[in-house]
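Only one structure is covered here, and it is reproduced in the block below.
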Amino acid sequence: MDPKDRPSRATEAFFGRRRGKTMRPQQAAALESGFGIYRLDLTAEPPVDLRTLFEADVSAVRLEIGFGGGEHLLHRATQAPTVGFIGVEPFVNGMAKMMMAVKEKPLANLRVHDDDATRLLDWLQQGSLDGIDLLYPDPWPKKKHWKRRFVSPINLDRFARVLKPGSKFRFASDIDTYVNWTLLHCRAHRAFAWQASEAADWHRSYDGWPGTRYEAKAIREGRRPAYLTFIRT
């Protein structure tokens, strides 16, 4: 996308935390060395074929926005070595945990971005992704903060631009207001069709779902997760 055509970020600041506890020396070292291998360079021109970003010979490329501690992303990338995965996580401690994991078990089908996901979405070529996962994003539960939620008309436009027709946008959350918010926004967007034939569908986890620590916490606290799937029409 030409820089002059990119949407303004005047109201799109990254609102989440960047740092948590002080990292241990080995975490800092893993982060530095891991970035040298896995970090995307958004100052370079994006490749027309995203598959060339990976050392592995991959047949498709998926994006996970806000991977947290990386449980789901690591599971998916390990189980599907012929799929390329791009993980976004601005929280330094979460990224350090991921880099520690891939230092022990390298993944040739993984790349990462440690900044605002909208910058990556605007960098990508049109129709370059085979799927997007947004799993347990920050719900911003106070009504005055709802405008900070990642699901928004402008970000759905971004998703629609980079997703191939027929690919999937998957959203999981345990917060009812955010689930309803996402349903309303996606159903109002002409590029997305909700895939659910019965009420049980959106409470059934995805095939091969490994679970996450956020999901486990929600269940312990009595909240029922929802799993939504939308097809890029």
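Given the alpha-carbon gyration tensor of the stretch 172-212, what are the semi-axes of its equivalent ellipsoid in whole angstrom, ordered largest first, with each equal to the square root of 5 times an eigenvalue?
19, 13, 10
Amide H of Ile132: which non-local residues (sequence gap of 5 or more, or other chain) have their own amide H closer than 5 Å, using H built in the peptide plane?
Sorted by chain and number, the residues that satisfy this are Leu63, Lys168, Phe169, Arg170.
Quick check on the chain: helices-only [θ] at 222 nm, where DSSP H runs of length 4 and up contribute -39,500 (n - 2.57) each and the sum goes over total residues. Nearest 500, please.
For the chain, the value works out to -9500 deg cm²/dmol.
Name the residues whose placed amide hydrogens come within less than 5 Å of the amide hydrogen of Val112, ignoring near sequence neighbours (fewer than 5 apart) on the same chain.
HN-HN under 5 Å from Val112: Arg39, Leu40, Gly87.
Let me test this: with uniform point scatterers at the alpha carbons of the stretch 137-184, what is the Debye-based log₁₀ I(q)/I(0) at q = 0.14, 0.24 1/Å?
The Debye formula, applied to the Cα set alone, gives -0.37, -0.94.
Rounded to a whole number, what % of the accessible area of the stretch 46-107 do carbon and sulfur atoms account for, probe 1.4 Å?
Result for the stretch 46-107: 56 percent of the exposed heavy-atom area is carbon or sulfur.
Could you work out the equivalent-ellipsoid semi-axes for the stretch 90-233, taking the square root of 5 times each eigenvalue of the Cα gyration tensor, largest first, in whole Å?
Taking √(5λ) for each Cα gyration eigenvalue gives 23, 21, 16 Å.
Order the peptides 110-120, 84-94, 45-55 from the highest to the lowest mean number of other Cβ atoms within 10 Å of their residues.
84-94, 110-120, 45-55
How much length is gained if the chain between Lys144 and Thr82 is pulled fully straight, taking 0.36 nm per residue apart and subtracting their Cα-Cα distance, in nm to one decimal?
The Lys144-Thr82 span can extend by a further 18.0 nm.
Taking only protein heavy atoms and a 1.4 Å probe, what accessible area per residue, in Å², does the stretch 90-219 have with all protein chains in place?
48 Å²
Across the chain, how many lysine pairs, 8 or more apart or on two chains, come within less than 23 Å at their alpha-carbon atoms?
Going through the chain pair by pair, I get 7.
From the Cα trace of the stretch 38-100, what convex hull volume per residue do you get, rounded to a whole Å³?
Per residue, the Cα convex hull of the stretch 38-100 comes to 89 Å³.
The values are calculated or read from the model by the stated rules, or taken from the named source; none is laboratory data. Not measured: the values here are computed from a predicted model. As a convention, Cβ positions derive from the backbone with ideal geometry for all residues, glycine included, and neighbour counts pool all protein chains shown. SASA here: full protein model, heavy atoms, side chains in, ligands and nucleic acids out. Shrake-Rupley method; radii C 1.70, N 1.55, O 1.52, S 1.80 Å.
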